[in-house]
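A short write-up of the structure that comes next.
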Amino acid sequence: MNLGTRKILDRSFTAVGFGSIAVMGIALLIVLVPIITNGVGSVFFTGTLEHRKMLFNEFGRGNTEELVKENAVSEVYRQQIYGMLSAFESELETMDAEKKQDYLSKYGPVKTALQTLIGPLPGEAEAILTRYKYGQTRWGKAEEKLHEFLYETKWDFSNPDAMSKEYFVSRATEFEGTSLVKLFPFVEEHLEDVLRPEFTVYWGFLTDSSVDSHIFGGIWPEIQGTFFLAVGAMLFAFPLGVIAAVYFTEYAREGFFNSILRSANSTLAGVPSIVFGLFGLAFFINTLKVSESKSVLAGSLTLAIMILPTIIRAAEEAILSVPKTYKEASLSLGSTKWNTIMTVILPAALPGIITGGVISLGRAAGETAPIIFTAAVSVGSAIGLADVFSSPTPALSWNIYNLASEHEAAAEIRHVQYGMVLSLVSIVLLLNLSAILLRARISKKLKG
Amino acid sequence: MHMTADAREVSTSASGATATRDIYLPSERKIISGGGTPHVVAKDFSIYYGEFEAVKKVNADILSKYVTAIIGPSGCGKSTYLRAINRMNDLIPSCHTTGALLFDGEDIYGKFTDEVLLRKKIGMVFQKPNPFPKSIFDNIAYGPRLHGINDKKQLSEIVERSLRKAALWDEVSDRLDKNALGLSGGQQQRLCVARTLAVEPEILLLDEPTSALDPKATAKIEDLIQELRGSYTIMIVTHNMQQASRVSDYTMFFYEGVLVEYAPTAQLFTNPKDRMTEDYITGRFS
């Protein structure tokens with residue numbers, strides 16, 4: 001090959017390399033930016049008085065005096081709103097039956113929308129679900145709800161060949177000629193006075209239990225569950241994996257049996273995680289009966305089986321990369337094989353083994369499929385350490401899926417979902433970062 | 001068998017319990033009294049890697065408390081032979097032996113031989129300095145700790161004694177807690193010698209101990225061998241014929257797995273009995 005062609009090939013390869021890295025970087029940006037911006041919104045946001053009331057009632061947090069004061073200010077505007085409602089209701093009584101029926105059917109949705117916006121209206125039975133006890137706790141959401149209050153959403157089906165079109169009708173126009181017509185501009189103008197938005201830092205998102213299946217409150221049960229499951233998996237998988245790796249590298253004789261074991265291990269590393277999940281259900285819960293039904297223990301065992309091949313591979317690599325001369329030196333001093341492994345080989349292989357371990361820990365923390373059937377529940381409180389043998393737990397990975405797809409009010413609490421995603425990503429990143437730091441520290445110590 | 005009369009003479013004459021044959025020593029060296037006890041005895045000893053016979057039917061006595069050099073071209077089996085003595089070849093799965101190799105009259109490859117105990121008595125220093133990634137102190141104390149010494153004071157004594165024997169004490173006494181990998185190559189190699197001495201072996205096997213070192217460090221190791229001579233049975237594999245002639249009392253010349261000649265060093269270098277030996281030491285092949 002002549003020099004010119006070679007240079008062109010080299011250059012073009014560099015270009016392709018750069019290109020692929022750029023594509024990867026952009027993809028990462030596209031994924032990470034919304035996760036971070038939306039996720040941060042679960043802790044830092046503009047909270048309303050409703051949020052502060054909720055915190056006070058459900059978690060006993062907040063300054064009573066200030067809350068009373070604030071509430072008094074808000075109440076002034078609320079009373080005016082309530083006044084308009086009752087005025088309209090008495091006006092209804094004076095109308096003839098047909099007209100009354102017509103207005104009542106329109107008045108119902110208005111009341112519901114208002115209730116969603118600013119909380120329970122006087123004269124109604126107290127709500128059973130916590131979500132109906134408060135108005136909008138986040139200002140951003142309140143603005144959305146205000147729009148829904150002011151405008152009725154309608155669909156235009158006039159063109160049968162196309163998708164129907166969404167359009168908005170002002171509710172105020174529907175009540176033209178009644179006293180209620182004043183309500184809409186009043187609420188629009190004074191919503192801030194009623195809800196009193198204020199910049200809020202809600203660290204409780206990370207440390208509180210959820211209230212009414214994640215409508216309010218935090219994600220501590222999920223964080224703790226993820227921690228229990230991942231650490232539990234490591235407790236089983238790490239020692240087993242390292243022992244297996246020592247066996248493969250130091251004790252096993254090359255042969256048919258051994259090569260079958262090795263390829264089995266490699267194959268296991270590639271098995272889809274849902275298969276491990278079903279296996280966990282069938283084996284640990286139904287056959288071994290480690291617990292009545294789903295439990296942290298069963299989930300940890302399933303995750304352990306899943307990450308075991310990776311740990312074995314990483315530990316094997318690490319042990320094989322220890323210079324043979326260490327082993328020779330140790331043996332020549334009259335050390336037994338066992339002693340050599342424990343005092344020379346494993347310490348020298350430790351950085352690699354730990355890296356493999358922590359990366360597996362991150363994987364265990366992030367996996368959803370293996371815990372669906374073995375450990376995860378969608379809603380639950382944080383469990384105690386003593387309950388891990390019998391209780392299931394919420395976990396970040398599963399609850400992210402649940403909030404994204406199955407939760408009855410998924411659209412209302414996207415911020416919780418993003419908060420969970422950001423927490424999970426942060427936990428995994430932190431674990432990987434700590435692995436890198438730990439590795440660097442041990443390597444430095446080994447190198448002197 | 002390709003073997004000179006002289007080598008056979010050494011082998012046979014020394015195999016008696018206490019041979020008192022005069023041993024040739026270069027004039028500048030002290031005469032070692034009471035020498036001549038065979039320490040390691042090879043009888044028709046062969047080493048195989050799978051089918052390949054790397055060392056062929058060696059018959060030789062290594063005499064106690066002398067320095068024996070093993071020379072020969074690359075791949076002649078000299079390292080293999082040396083590593084057979086403390087069974088380091090066990091690490092190679094395909095390696096096996098025939099014949100007998102006796103250490104103090106006991107078969108090294110015997111069925112009931114404890115290779116761990118054997119290696120405690122037959123220490124080895126390798127081609128490349130291989131200190132553990134631990135502190136200097138822990139490197140030296142590694143062996144004694146293995147053999148059950150945990151008393152801090154006793155360990156300190158052993159460490160100091162071993163380092164002094166290896167002529168390294170003055171250089172490292174103020175930084176025993178520093179990582180051994182921070183030492184220079186020559187220091188590391190002397191540390192390895194000290195580490196081996198710390199378990200108080202009877203035999204010291206040196207496998208090309210200076211091949212990775214500069215001339216100055218090499219000189220120090222050679223001085224060290226001189227110091228240790230008389231206290232230990234030393235076997236040194238070397239590529240450097242000057243080194244062999246400088247440090248050893250006896251020299252073995254291996255060629256293609258065969259022990260061609262085994263004689264007192266001065267005799268082998270000045271008056272080799274075998275054509276092959278002569279060709280090798282005069283540099284006609286290497």
Under 20 Å from the Cα of residue A:165, which lysines turn up, not counting those fewer than eight places away in the same chain? A:154
Percent of Cα-Cα distances greater than 34 Å, calculated over chain B: 18
Ranked from fewest to most other Cβ atoms within 10 Å of their own Cβ, A:145, B:111, A:324, B:128 fall in the order B:111, A:324, B:128, A:145
Take every residue in peptide B:124-136, count the Cβ atoms of other chains within 10 Å of its Cβ, and give the average of those counts. 5
Percentage, to the nearest whole number, of Cα pairs in the range B:94-148 over 19 Å apart: 47
Angle check, please: helix B:152-165 long axis (alpha carbons) against the longest principal axis of chain B (alpha carbons), in degrees 0 to 90, nearest 10. 50
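Give me a single rounded figure for A:334-347: the average over its residues of other chain Cβ atoms within 10 Å of their Cβ.
The mean count of partner-chain Cβ atoms within 10 Å per residue comes to 4.
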Once phi is turned into θ = phi - 60°, what whole-Hz ³J(HN,Hα) does the Karplus curve with 6.51, -1.76 and 1.60 give for every residue of the range B:204-220, x standing for Gly and Pro? 10, 9, 10, 9, 6, x, 10, 5, 9, 10, 7, x, 5, 5, 4, 4, 5
Binning at 10 Å from 0, report for the protein assembly as shown what percent of all alpha-carbon pair distances ends up in each bin. 2, 11, 15, 14, 12, 11, 10, 7, 6, 5, 4, 2, 1, 0, 0
Defining a contact as two alpha carbons under 8 Å apart and six or more residues distant in sequence, what relative contact order in percent does chain B show? 27
Using a Förster distance of 51 angstrom, determine the FRET efficiency expected from the C-beta separation of residue B:267 and residue A:324, and round it to 0.05. 0.85
Report the semi-axes of the equivalent ellipsoid for the range B:133-286 in whole Å, largest first, where each axis is √(5λ) for an eigenvalue λ of the Cα gyration tensor. 35, 16, 12
Evaluate Rg over Rh across the range A:49-201, taking Cα atoms for both radii and Kirkwood's formula for Rh. 1.03
Give me a single rounded figure for B:192-200: the average over its residues of other chain Cβ atoms within 10 Å of their Cβ. 2
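Can you sort B:70, A:400, B:92 so the residue with the fewest Cβ neighbours within 10 Å comes first?
By the 10 Å Cβ count, ascending, the order reads B:92, A:400, B:70.
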To the nearest 500 deg cm²/dmol, what mean residue ellipticity at 222 nm is calculated for the protein assembly as shown from DSSP H runs of n ≥ 4 alone, each contributing -39,500 (n - 2.57), summed and divided by the residues? -17000 deg cm²/dmol
Below 13 angstrom from the Cβ of residue A:391, what's the summed charge of the other residues (Lys, Arg +1; Asp, Glu -1)? -1
May I ask you to derive the relative contact order of the range A:220-447, considering only C-alpha pairs under 8 Å and at least 6 residues apart, and to give it as an integer percent? 30
Sorted largest first, the C-alpha extents of the range A:220-447 along its principal axes in whole angstrom are 68, 40, 31
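Any read-out appearing in this document is the output of simple, stated calculations on the displayed coordinates, not a laboratory observation. Only a predicted model underlies this, so the values are computations on that prediction, with no experimental measurement involved. Here Cβ is always computed from backbone atoms with ideal geometry, including for glycine, and neighbour counts include all displayed protein chains.
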